[in-house]
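Just below is one structure, and these are the notes that go with it.
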Amino acid sequence: LDLHNLDDALAITRRAQQAALSAGMAPIIGTATVNLIAISYALGQRREARALADFLIANEARLLPGALRGYAGYVALGFLAGGDLTRAQTWLDQAGHFPDASGDSGELRAWVQARTLLEQGDAAAACRTVEGALASQDPRRGGSPPYDRLELLRAAADAFERNGDLSRAMSYLRRAQQVHEDLLGRSARARYRALQAEAEFRQAQRERDDALARERQAAQDRQRLESLNQALLAQVQANERLQAALREQAVRDPLTALHNRRHLEEAAPAVIGFARRKQQPLTLALLELDHFKTVHDRHGRAGGDRLLIAVAELLRRACRSSDMVCRWGGEEFLVLMTDTSHDVASGVLLRLKQALANARVVLEGGATLDPISFTAGIVSLVEGDHSLDDLMRRADVLLQVAKRDGGVQTEAA
């Protein structure tokens, strides 16, 4: 959950909750259920979050004495997810009466309170709430849970945007984006999962070695040895799959599943070198979606994410498997087309522009986005180009010229 691996967290926590219910383990029943509320909310499963809050209240007798009031922030989150703002506020008020006994974090209660106030239309109070929570954070205590910190910063950005202070809203949005990128960072997650896999592997080795020693003493141990060897082989294969998956995750954009900037920067030198040796054409296109901020402002982060996913899918269809398609950052995409002339690349982008204009992007709730367009700069490899940066500098200049001239067009060298 701290690594934001929500799908695995959901499955594991459901198992924990069921096991705790079966065994009557009061502390884990409460902990697993409030974690499920947080995970369900993060995954957009609002009805599930509300149902879990009702479950906690209905099963208070199965929790530790007084535990329910310690989970008041999570219960409020469940009612907020279900749209019951009155009950959400009631539980938030109760959480405020027992701050020291609370089982939730102060940051969680703050961003749930801010979201509740925003739903009630009181942006000014929401601003005061998030500012108070951010000002009270003590870095010496190690900081708040990363997901709560992310949601607090997002709530701050939304609150100040609705209150008309766009500069501060953008500042908080940038901080939230940094936390989000850190949350999805592959290094910590890879380190944790690799160490976990290594520990399981070493344990399987020790069990196998013990079985080898016992084989000389009893024939029945041989069957045990065979079983352990099979388990060891399965673990080795699982390790290999895990390492391959982690390597792939490190070079993929988690939202669109396109390759990211890191992959392009690692792979581009070899592609450029090959094109120069073989004297083959190589073309780079830098695309920026038009009016993306308008979509984000009108439909929120979910609308912007849905647009980026749709554009990524159309890019995959428009380009060949040998082309390198990546999300460069924000609303920018980059395509490196091997053995492709400038004219052919321009034709590809023209077809993509038409496909985007005809695409129908439907948001949650049934709303449809306006036709999508982009501005682009296209450059081909020339004698003076020796690196990806050389191509990028020229493509970016052309992109800026296109944007200056009104956007919604493709500018080429």
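Assorted remarks:
For every residue, the table says whether it meets (1) part of a helix (DSSP H, G or I); (2) within 22 Å of residue 82 (Cα to Cα); (3) open to solvent by less than 30 Å² (accessible area, probe 1.4 Å).
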residue: 8; (1), (2), (3): yes, no, no
residue: 16; (1), (2), (3): yes, no, no
residue: 28; (1), (2), (3): yes, no, no
residue: 31; (1), (2), (3): yes, yes, no
residue: 47; (1), (2), (3): yes, yes, no
residue: 56; (1), (2), (3): yes, yes, yes
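- Restricting attention to the range 6-31, the residues that are touching a Lys or Arg at 6+ places or on another chain (Cβ under 8 Å) and under 20 Å from residue 77 (Cβ atoms) add up to 1.
- Selection status of residue 336, farther than 28 Å from residue 44 by Cα and either in a strand (DSSP E or B) or under 25 Å from the mean Cα position of the chain (by Cα) (or both): yes
- Matching entry among 128, 149 (being modelled with pLDDT under 90 and either out of contact with any Leu (no Cβ under 7 Å at 6 or more places or on another chain) or assigned to a loop (DSSP other than H, G, I, E, B) (or both)): 149
- Test: residue in the range 330-338 that is surrounded by fewer than 15 Cβ atoms within 10 Å (Cβ to Cβ) and over 20 Å from residue 401 (Cβ atoms): no
- The range 386-403: number of residues that are charged (D, E, K, R) and more than 18 Å from residue 282 (Cβ to Cβ): 1
- Selected residue (criterion: most open to solvent (accessible area, probe 1.4 Å)) from residues of the range 339-378 that are outside any loop (DSSP other than H, G, I, E, B) and closer than 16 Å to residue 294 by Cβ: 368
- Filter result (outside any helix (DSSP H, G or I), at pLDDT 90 or above and surrounded by fewer than 24 Cβ atoms within 10 Å (Cβ to Cβ)) within the range 58-99: 59, 63, 64, 65, 82, 83, 84
- Close pairs (8 angstrom Cβ cut-off, 6 or more residues apart or separate chains): closer than 19 Å to residue 318 by Cβ in the range 285-298, open to solvent by 70 Å² or more (accessible area, probe 1.4 Å) anywhere: 288/403; 290/408
The values are calculated or read from the model by the stated rules, or taken from the named source; none is laboratory data. Everything numeric in this text was worked out from a predicted model, so none of it was measured. We place every Cβ from the backbone using ideal geometry, glycine too, and count neighbours over all the protein chains shown. Protein only, heavy atoms only, side chains kept; ligands, DNA and RNA dropped before computing areas. Shrake-Rupley method; radii C 1.70, N 1.55, O 1.52, S 1.80 Å.
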